[in-house]
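*Asks:* I'd like to ask some things about the structure below.
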């Protein structure tokens, strides 16, 4: 459930006032933990080339002449270039035939080349020039006559600018190519995601006994971030929802503090060589009530229902349907109504924390070997509490396989 977009938690405002605590957390974690990433192998140049070769096969299959990509996970996936989006266009053009090309501002070329992992024609533009004219020039030089596929997150100004710079160019969705590559993970990608999951669980186990009455979300998050970094990964933090805030999947702006008998919900992840984890754990600080135990057990069973439904060839949406059907028999919903599960059962994951496709009603994409998803059929009771357990899995020929194993009970949330 953790998203790249930070929530409006009150802890966000308090974070700047927690510098002494954060420094203490970093020092304590550095002393108690060691990096576990010494065995991590980065993506090699040969793997980048294999990705481009697959993309070219898919372009031919879908009648595309090139793919146009802006900075983000897809640009990194195909070229290694790690960049950001701004009003100054940096982009890649992957033609079906001919050398790939990177377009970037003239003064950014040395920096862009630092992370470039493939042979590419790097063409620059100055501040008084039109970068889309440079893109059009590359397409003409490569004699791209077939439609150009647009990576699905590209901004309008880039697509519209290409149309203006190259009248008559046919634009089509590039998702069949980009998704066709990124959705199916290799064994190396799965290993990086496994490492990220291992680090997240290790960080949870480290911070769990250090949570105290009165702590706010920012303090708990600071301990998590410190632990992840000491273990050898990177993170932008995560969600920490306390008490009633746990009933709202992305939190609340109201002040929160750890209190005995109330829910603590952690939804966090980390990054290992560009690959993500996303794990949620919910427990009660102190003794859980009968209602808290019942809902926790139902969510735990919901995860198992999802795993039983996830089979090669079945529509991704059927996993959500299986969970929601049982929840409705327990009296939740119907559908996405509350009390119940107001969000999808899971989302795709890989280089992005959320990526296509989702385990959501109506999604017809067949499950295939190498696809990766979160499994998080949380139950939320507005005004009271919510329970979310989230573990990710990948599809194998024999069925789904966990990256992290769900805990056995509300009393043993990190076993």
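*Asks:* Exactly one of (1) assigned to a helix (DSSP H, G or I); (2) buried (at least 17 other Cβ atoms within 10 Å of the Cβ); (3) at pLDDT below 95 is unmet by residue 14. Its number?
*Replies:* (2) is the only condition that residue 14 fails.
*Asks:* On to the next question. Any residue at all in region 70-90 that's buried (at least 23 other Cβ atoms within 10 Å of the Cβ), at pLDDT 95 or above and assigned to a strand (DSSP E or B)?
*Replies:* no
*Asks:* With 288, 308, 245 as the choices, which residue is part of a loop (DSSP other than H, G, I, E, B), in the same structural domain as residue 203 (by TED's automatic domain parsing), out of contact with any helix residue (DSSP H, G or I) (no Cβ under 7 Å at 6 or more places or on another chain) and at pLDDT 95 or above?
*Replies:* One residue alone meets the criteria, 288.
*Asks:* For region 359-378, give me the residue count where each residue is in a loop (DSSP other than H, G, I, E, B) and out of contact with any helix residue (DSSP H, G or I) (no Cβ under 7 Å at 6 or more places or on another chain).
*Replies:* Count: 7.
*Asks:* Among the listed residues 413, 382, 339, which satisfies the condition of being under 30 Å from residue 188 (Cα atoms) and either at pLDDT 95 or above or touching a strand residue (DSSP E or B) at 6+ places or on another chain (Cβ under 8 Å) (or both)?
*Replies:* Just one listed residue meets the conditions, 413.
*Asks:* In region 154-171, what residues are part of a loop (DSSP other than H, G, I, E, B), surrounded by 16 or more Cβ atoms within 10 Å (Cβ to Cβ) and under 25 Å from the mean Cα position of the chain (by Cα)?
*Replies:* 154
*Asks:* Within region 362-379, can one find any residue that is under 30 Å from residue 285 (Cβ atoms) and surrounded by fewer than 21 Cβ atoms within 10 Å (Cβ to Cβ)?
*Replies:* no
*Asks:* Sticking with this structure for a sec: Which number in (1) in a strand (DSSP E or B); (2) buried (at least 20 other Cβ atoms within 10 Å of the Cβ) marks the one condition that residue 344 misses?
*Replies:* All conditions pass for residue 344, except number (1).
*Asks:* Now, a different point. Residue under question is residue 388, and the condition is that it be modelled with pLDDT of 95 or more, under 16 Å from the mean Cα position of the chain (by Cα) and within 18 Å of residue 281 (Cα to Cα); does it hold?
*Replies:* No, not satisfied.
The values are calculated or read from the model by the stated rules, or taken from the named source; none is laboratory data. Only a predicted model underlies this, so the values are computations on that prediction, with no experimental measurement involved. Cβ: placed from backbone, ideal geometry, glycine included. Neighbour counts: every protein chain shown.
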